[in-house]
Structures are given as C-alpha cells and as structure tokens.
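Here the structure is laid out as structure tokens; the discussion comes afterwards.
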Amino acid sequence: MSERSDLLSARGLVKRFRSRSLLRGGQTTIALDAVDLDVHPGEVVALIGESGSGKTTLGKVVTRLTGLDEGQVLFEGEDLFAVDRGELRERRRSFQMVFQNQTANLHPKMSVREMLDESLRLHRPGLGEGERRQHADELLDRVGLLPRADQRPASLSGGEKRRAGLARILATKPKLIVADEPTSGLDAAIKLQIIDLLKQLKGEKLTYLLISHDLGLVRRIADRVLVMLKGRIIEEVPAPLLGQTRFHHPYTGRLMRAADLARDRRRPPRERRDPPRVTRPDEAEARGGCVYSPDCALAERLGILSRCRRERPPAQVVGESHWIACFGAPSELAEEDE
Amino acid sequence: MGDSRLRVGLYLSGTVVGLVLLLGVIAPFVPYDPADAVDYDQLLQAPGMGHIFGTDGQGRDVAMRLLKGTEAFFLPGLMAAALATVFGALCGAVSGYAGGWLRGGVLGTMQLIDTLPRLVFIILVCTILNPSIYLIAFVAAVLFVPSIATVIRRRVEALGSEDYILAHVAHGFRPVRILLYHILWLQCRPLLIRQATYVFGYVLFVEVALSYLGDYGVQEPDPSWGNMVAQARGLRGVSAWPWAVPAVAIVVTIAGFLAFGNLLARADEEEVR
Ligand SMILES: Nc1ncnc2c1ncn2[C@@H]1O[C@H](COP(=O)(O)OP(=O)(O)O)[C@@H](O)[C@H]1O
Ligand code: SF4
Ligand SMILES: [Mg+2]
C-alpha cells in the first residue's frame, strides 16, 4: 500500500495514555486506534475532528515527539522510531511542527530575529554571520514580519506570533510541516491573513499536515481531508468535495452542520439537532464497535445499530479518493471499487 | 510597583552592590598592617581630612579597616553564592526535567538538607570543627542549594508543561542546550541572581555574627565588620563613628544585596508580562 513517493507513511498507529490513580485504578485513553496516514510530497493533508479526537497526538507521533505503542512511521522510507537520538535530531529539520500553543513555539526572552538567527545557526551551520542575517530578513519578509523583527513575543499580536512561529520553522527548510490549529483563537481578519500566508507557502511547494477544526481554512488550503473521531480516521475525502457530496460519514455531516450553525448566529442553540455527546454506551462496547454508534441516527434509521455496536466498520470506498468507515455507506459504490 | 520607582530602586541597590564589589576587589591590593596602624596620638578622631570616617579607640583609621574588613566575607561570599547557584540550578533543572529515580534521588536529598536549620547547623559545625570562613561559606552554600533548586524546579516544570521544551526539541535543539541555555540562562538568570544575592548576604551575616560573638570569626587585630562593631561597643557615649560606620555598612550591604536581587527578578517578570 505504501508507495515509494510517500514522504510520510504511517501504519497501524496505536497510542494509549494511561492515567494512574491510586483510588480508581488505571484509566486508559486510546488516543490513536490503528491509524494509517500517508502524505505525498507537495500536498496539503488536513486533519479535522472535534477536540480530543487525537489530532495533536497523531501530529506528535508522526514527528516522534511522543512514544508509540504499536505501528510504524516511515519518513522518506525510513523507520522514524528506529533511528537513534543523534540521527533523529538531524532528521528533525525535515519535519517540523508548529504547536498550537504559541508560547511554546517562541522564546519569551528572544526577539524574532534572534530566534531565527539561532535556528539558522543550528540548521545551516555553513552560513556566515552576514548571510544568516540576510536569510533571516528573507524569512521575515516571507511571513510579513520584517518591521517587527526586533520585538519579543510579548509585544507581538496573536497573528504575528503565528507568523513568527512559522518563520522559525521555515528556517530549517522542512519537507513536512505539521501545523496544529494555526488559526485557532484568532479573529476573522487575522485568520484570513494567516490563511493567505499558508496558501502562499503552499504555492512554494511546501507539504503540510494541517490540523484544524476550522472547516473554512481546510476547504481553502487542503487537498485531502481526513476526519478523525475518537482516535480513528473515519473518512477520507478530497477537499473540494467537503460538504459538497451527499456521501459523508454521519459524524462528518454533524461537523459540517455544527460549522454552519456556528456561522448563523440567529438560530438559537436549543434547535441544534445533535447532542454534544460523542461515544459512551460503554465506550461503544469498549471500542469493538463504531465509535459513533451511540450518537448515530443513521444506524437507527437503517436498523443496523446492533451490528454497529459490535463490529468496527471497515473503510468503504464511495468515490475517487473518498472512503468512509461506516456500515451505512452506499454498498453499490463500495462494490464497484473493490 | 511603578516602573520609575522600580528603576530608582534598582539603581540605588545596584550602586550598593557595585560599591561592595569594588571594595572587595581592591581590598587585597591595599597594604595594611593592623599592628602598624595603631596610633595613640589619633584616638577617636572625628571624621575629617585624612580620616574620612574618623579613627577608633586605638587610633586606627575606620575607613581603612572597613575596606580591609571586606576581605573577611567577600571571597567566601562570592564562592558560596556561585556554588549554591550553580548546584541549585543544576539540581533544580535535573529534578524538573528528568523523571524516575534521578528526580526522586535529587528531591529526597534536597528535602533532607532542607530540614536542617541553617544557623544552628553552622554554629554546630563551628563548635565541632572550628573551621575557616571558607568552610563555613561552603556549608552555607550547601544549605542553600535546596531552596534554590526548588525555585528553579518550579520554573522548569512550569515551562516544560506547556509543550515548551517539546517545541524546542521538535525544532532540533539538544535537551542539554534547552535546559542550560533556553531555560536556565535566558529564563532563570534573574531568579538565580536573586538567589546568589541572598547567599552572599547570608554569608556576610554569618561572618558578622561570628566575628561579633568573637569565638569563631576574624580575631583582632585583623579587621572584620563584625569585630569592628564588637570592639567599639564600649565606646558608646564617647564616639559613635567606630561602631556606627561598620554597623551601617552591614545593614546597607545586606539590604542592598537583597533588594537588588528582588528588584531585578521583579523587573524581569514585568518585562515578560
Ligand atoms: N499527555 C497526555 N496525557 C494523557 N492523555 C492525553 C495526553 N495527551 C492527549 N491525551 C488524551 O488523548 C486524547 C486525544 O488528545 P489530542 O490528541 O490532544 O486531541 P485533539 O488534538 O484532537 O484535540 C484526548 O482524550 C486527550 O485527553
Ligand atoms: S458504522 Fe453504524 S454507527 Fe457508525 S456511523 Fe456508520 S451507521 Fe453510524
Ligand atoms: Mg489538539
């Protein structure tokens, strides 16, 4: 399944978090549940899903910022979890992650220019002092931060912090950028600026794994969209089809409606048809079944709920580069492609 | 606190610190023979030309003894401050960053040391070993390591918990560089300076106390700020200068160092806000 041209190819990723409590015993959260992920050079893959679905964890696992319980991550064909620490540090410049937490990306005691200089010194050791400065200026110009170069993070606005974080990451000339919620917490106008910047960088043939639950951002920038729910990828859909096809996983449909609702302020919240609950009845039969089954109206309508609770739905192809992990997915389309 | 008041405080206390450092550095190069300094024609002179702080009960120049008296605490104080901050910072960084037995071991040792009451322990060491001021300073440094380590550990933990270390690891920095440069040097420097000024002030305080009490500190005729005050005790009502000058020097120095450390740390916090 994995092609040579894959930049990133991950198979069967499992990540569990155990919280130990003396009184209640250990509790296990399954943050990634047998996830496969491929990213080809030059494309933008978006990861959407409500918070807690495992998006950040997936981003951290494929950049080996956290351990892995099962599975394999290949970066340019090389097993990322097999390289030793020194090697790994060398490799890191090829895959960079912008954290959601902006204070984590920047050093509070350094100006943007100082940070860039430090990054360049680390990742481009051949450059002289003057060349580094010139490079830093180019990077600053690319993200539109040249006039603010000598500011420290505390005096930068939210949008400027994002730009600074991006500039720092661009200094390494990465092959893959994992951007975790790059527009969260920004107001609309600033958000658009960041979207434009990301688009511009996409034009420069950068490859991203874009983590966001901002569907507007995703539709504008991504090529492919992966929908995550409770540690599983439950749909893959070409970005132009997002919200434009009637074949969506019921959970994707719910995300879409939630996004539309959020935009239309006039409708009172109590008219929302979807309950806020996702999963429980006992963690969808201890996750042997579909993790959406406790909320799924479709399963009830089709009368397949008991099956949905017991069996994990496999991916059903419903179109070109489009699959849905759902028993209710149109069977004739699925057969056609098999 | 207002910005300008903070700045004035920093300048004032910084001047005290700078002055003490200056005196401490030049004192060893000024020749002084305490026996030679006695001059019975010049007893208890008021301040004036030749003797800016007057003379003591044996006609010795108070200003000169004040200068030479810095030798009793200056190097030991610096040594203790440096030792305590370096080891405190390392212990704090390790226990804040590492996990498992290393963290447990460091924390346990710190807690153990921290249960010792400092002054009582130092006096105990004195009565048993009759040590030099350097050994006393060393003991003081060790006694301060836990509290410094705790301050640093908290800061490291606060920073580490916010994906901060992870983001820097992700960027390709070595953990050692993140810990020593990004966190200790760039983020904890004002905290460490504050701790260092505490330790320095504490060593001065201990030296003064020991010399004043007389059994363990610097012995006459060698000068120390503590024994200067003790010597001049009997002169109350006759001349205030011989004891007031060293007493004021002690108070101003300790207060100046503590204030400088505190204000510096506060200025740093306000800057990051
Ligand atoms: N360090 C951690 N310790 C324990 N649980 C964690 C940790 N990180 C994430 N989780 C859990 O894993 C799940 C997925 O989290 P995350 O990847 O942050 O989701 P998302 O980024 O989609 O919001 C959540 O249930 C979260 O509580
Ligand atoms: S598999 Fe069943 S429960 Fe899950 S989304 Fe499809 S129909 Fe609903
Ligand atoms: Mg997240």
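The values are calculated or read from the model by the stated rules, or taken from the named source; none is laboratory data. None of these values were measured; they are calculated from a predicted model. Note: ideal-geometry Cβ built from the backbone for every residue, glycine included; neighbour counts use all protein chains shown. These area figures cover heavy atoms from the full protein model, side chains too; ligands, DNA and RNA do not enter into them. Shrake-Rupley method; radii C 1.70, N 1.55, O 1.52, S 1.80 Å.
Things worth noting here:
- Solvent exposure of chain B, expressed per residue, is 49 Å² of accessible area, with all protein chains present and a 1.4 angstrom probe.
- Considering only A:CYS290, A:LEU201, B:ILE52, and ranking their Cα positions along the charge dipole of the protein assembly as shown that arises from unit charges at the beta-carbon of Lys, Arg, Asp and Glu, the one farthest toward the positive end is A:CYS290.
- Dipole magnitude of chain A about its Cα centre (Cβ charges: Lys, Arg +1; Asp, Glu -1), debye to nearest 20: 1440
- Net charge of Cβ neighbours under 10 Å - reference A:VAL73; Lys, Arg +1; Asp, Glu -1: 0
- With Cα atoms defining each centre, segment B:133-177 and segment A:215-237 are spaced 41 Å apart in the structure.
- Peptide B:106-112 has a mean of 0 when you count, residue by residue, the C-beta atoms of other protein chains within 10 Å of its C-beta.
- Among B:VAL169, A:ALA154, B:ALA149 - extreme Cα towards positive end, dipole of the protein assembly as shown, charges at beta-carbon: A:ALA154
- Legend: Rg and Dmax of chain B, from Cα coordinates, 21.8, 75 Å.
- Check: segment B:75-196 dipole with +1 on Lys, Arg Cβ and -1 on Asp, Glu Cβ, in debye: 140
- Choice from B:ALA46, B:ALA140, B:ALA230 with maximal GNM fluctuation in chain B (Cα, 10 Å cutoff): B:ALA46
- Once the Cα gyration tensor of segment A:63-126 is diagonalised, semi-axes √(5λ) in Å: 26, 16, 9
- 3J(HN,Hα) along segment B:14-19: x, 5, 4, 4, x, 5 Hz, from the Karplus curve 6.51 cos²θ - 1.76 cosθ + 1.60 with θ = phi - 60°, whole Hz, x for Gly and Pro.
- Rounded, prolate or oblate (a/c below 1.5 giving rounded, otherwise prolate when a/b exceeds b/c) for segment A:32-186 by Cα gyration tensor: oblate
- Between the Cα long axis of helix A:158-170 and the first principal axis of chain A there is an angle of about 80°, rounded to the nearest 10.
- Here the ratio of the Cα radius of gyration of chain A to 2.2 N^0.38 Å is 1.06.
- Interface size A-B, as summed buried accessible area [1.4 Å probe, Å², nearest 100]: 2000
- Unsatisfied cross-links (Cα-Cα over 28 Å) in the set A:LYS109/A:LYS199; A:LYS15/A:LYS199; A:LYS109/A:LYS202; A:LYS15/A:LYS109; A:LYS15/A:LYS175: A:LYS109/A:LYS199; A:LYS15/A:LYS199; A:LYS109/A:LYS202; A:LYS15/A:LYS109
- Computed with a 1.4 Å probe over protein heavy atoms only, the accessible area of A:GLU138 comes to about 100 Å².
- Summed over qualifying helices (DSSP H, 4 residues or more, each -39500 (n - 2.57)) and divided by its residue number, chain B shows a 222 nm mean residue ellipticity of -23500 deg cm²/dmol.
- The Rg/Rh ratio for segment B:115-225 is 1.17, where Rg is the radius of gyration of the alpha carbons and Rh is the Kirkwood radius.
- For the protein assembly as shown, the square roots a ≥ b ≥ c of the C-alpha gyration tensor eigenvalues yield an a/c of 1.5 or more together with a/b exceeding b/c, which makes the shape prolate.
- Solvent-accessible area assigned to carbon and sulfur over chain A amounts to 47 percent, based on a 1.4 Å probe.
- Computed accessible area, B:LEU107, all protein chains, 1.4 angstrom probe, square angstrom: 40
- Residue pairs exceeding 24 angstrom between C-alpha atoms, taken from A:LYS60/A:LYS205; A:LYS60/A:LYS173; A:LYS205/A:LYS230; A:LYS173/A:LYS230: A:LYS205/A:LYS230; A:LYS173/A:LYS230.
- Packing-based ranking, highest mean first, of A:100-106, A:36-42 given that Cβ atoms within 10 Å are counted: A:100-106, A:36-42
- Using a cutoff of 8 angstrom between alpha carbon atoms and counting only pairs six or more residues apart, the relative contact order for chain A works out to 18 percent.
- For chain B, built as a Gaussian network whose Cα springs stay under 10 Å, the top-fluctuating residue of B:HIS171, B:HIS51, B:HIS182: B:HIS171
- Each stretch of four or more DSSP H residues adds -39500 (n - 2.57); spread over every residue of chain A, this sum gives -10000 deg cm²/dmol at 222 nm.
- Principal-axis tilt of helix A:112-123 within chain A, Cα atoms, nearest 10 degrees: 80
- Amide H contacts of A:GLU235 (H built 1.01 Å from N, under 5 Å, at least 5 apart or other chain): A:VAL227, A:ALA325
- Formal net charge of residues neighbouring B:ALA72 (Cβ-Cβ distance under 13 Å; K, R +1; D, E -1): -2
- Each Lys and Arg Cβ is given +1 and each Asp and Glu Cβ -1; about its Cα centre, the protein assembly as shown then shows a dipole of about 1520 debye.
- A:GLU300 accessible area, assembled protein chains, probe 1.4 Å, Å²: 130
- Burial annotation for segment A:155-185: residues with an accessible-area loss of at least 20 Å² between the isolated chain and the complete set of protein chains, computed on heavy atoms with a 1.4 Å probe, are A:ARG168.
- Simple spin-label estimate for A:ALA189 and A:ARG124 gives 3.3 nm between the two label positions (7 Å along the Cα-to-Cβ direction from each Cα).
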